[in-house]
Amino acid sequence: MDSDDALRYALGKPGAWADSPWGENHDLAKVGSKIFLFPGRVEDKSTVAVKNTETAVAELKQRYPELAGPAPYLDKRLWVRVRIDELPDDEVCELIDDSYDQVVAKLPKSQRPG
């Protein structure tokens, strides 16, 4: 899975939509008014920045020290950037699912998908 595939998967979640607040080629996935996925590339490798609990972020960094690290400009405790080229697709999907769930849980009820 690459970052484009990850974005397509994220946009298949209920209520998800693409936004490009910083212009073309900077797409991200939102649910309600909140971002839950930043796809990208670093040194020609596909990456995603996703949200999770502090514990889950720390575990990811420990389990994949070469692939997981801080997400630039985001809360380092709750967001992690992961190089996804070397991860199984089901693990990438799980990261996206967890991020989506974290964000949806914090949305006002009026913005949560049905």
Listed pairs K13/K109; K13/K61; K13/K106; K34/K61 exceeding 22 Å between Cα atoms: K13/K61; K34/K61
For the range 1-101, what percent of Cα pairs sit more than 17 Å apart? 45 percent
Counting only protein heavy atoms, what percent of the accessible surface of the chain is carbon or sulfur at a 1.4 Å probe? 47 percent
Could you give the accessible area per residue of the chain, probe 1.4 Å, as a whole number in Å²? 58 Å²
Between the DSSP loop rule and a limit of at most 11 other Cβ atoms within 10 Å, which chymotrypsin sites (Phe, Trp or Tyr not before Pro) in the range 1-81 are left? W22, Y73
How much of D90 can a 1.4 Å solvent probe reach, expressed as accessible area in Å² and rounded to 10? 110 Å²
Mind checking the range 8-114 for GluC sites (Glu not before Pro) that DSSP puts in a loop (not H, G, I, E or B) and that have at most 14 other Cβ atoms within 10 Å? E24, E43, E66, E86
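The values are calculated or read from the model by the stated rules, or taken from the named source; none is laboratory data. Note that the coordinates shown come from a computational prediction; the quantities given were computed from them, not determined experimentally. Every residue, glycine as well, gets a Cβ built from its backbone with ideal geometry; the counts of neighbours run over all protein chains shown. Surface accessibility is based on the protein's heavy atoms, side chains included, excluding ligands, DNA and RNA. Shrake-Rupley method; radii C 1.70, N 1.55, O 1.52, S 1.80 Å.
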